[in-house]
Amino acid sequence: MNDVVMVSERLHVPDNARVEVSGVGHDELLRIYEELDLPGQKVELYDGRIVVSPTASRQHIRIVMRLYRALDDLCGERGWESLPDIGLYSAPHEERPAPDLIVVPLDAPEYDPCHIVSHGVLMATEVVSRSSVTDDKDAKPRTYAQAGIPVYLVIDPLDDPWTVTLYSQPRGARYETITQVTAGDPLDLPEPFGSTLDTGVLLD
């Protein structure tokens, strides 16, 4: 237990920092993840690493909530719900990513109260920050494709102009189709959505 306390203390980082733990075996990594207690910080396990992210910025939260509202009517019609900042459980590697927003059926299975089983997820979304840009565009597509999530959406407010990238048709560790639009343009969401997202609602 003492080694976990030491790891926890090392991972208490400033709000604007990002910390990763890697280089240990899977079982040890999983044990550390499950025993960490870092209130106010986002802790994920994916791509063979524990990733601790700082508290989201005001702009980041605004974008997530704008997408949440944009999907609200569709979710209501389909018997779905959109959930911000909830973890996923992805077998067989027992990964625990935590997208900024997911869309799931109301009866999507839970692994535990804080994690949705990934095979029940219809869409995962990440909003890019300076500390997450590489993972959101490289590691996370692999993670979510392997989890079988049919749609992965990346909103990048660091691009000028902002971009929205849609990954679909997962196959193995990659998505077969990648579509990018400038924020403000319509984006066609494939099945199971079969609808068009007005990405202009995401803009400041």
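Quick notes
- ILE86 in contact with a helix residue (DSSP H, G or I) (Cβ under 8 Å, 6 or more places away or on another chain), modelled with pLDDT of 90 or more and either surrounded by fewer than 19 Cβ atoms within 10 Å (Cβ to Cβ) or aliphatic (A, V, I, L, M) (or both): no
- Residues that are in contact (Cβ under 8 Å) with a residue 12 or more places away in the chain and assigned to a loop (DSSP other than H, G, I, E, B) within segment 169-198 comprise GLY172, ALA173, GLY184, PRO190, GLU191, PRO192, PHE193, listed in sequence order.
- Among residues of segment 33-58 being more than 19 Å from the chain's Cα centre (by Cα) and more than 23 Å from TYR144 (Cβ to Cβ), the one that is modelled with the highest pLDDT is GLU35.
- Tally, over segment 89-113, of residues that are surrounded by fewer than 18 Cβ atoms within 10 Å (Cβ to Cβ) and farther than 21 Å from LEU67 by Cα: 10
The values are calculated or read from the model by the stated rules, or taken from the named source; none is laboratory data. Since this is a predicted model, take the numbers as computed values, not measurements. Methodologically, a virtual Cβ is constructed for each residue, glycine included, from the backbone with ideal geometry; neighbour enumeration extends over all protein chains shown.
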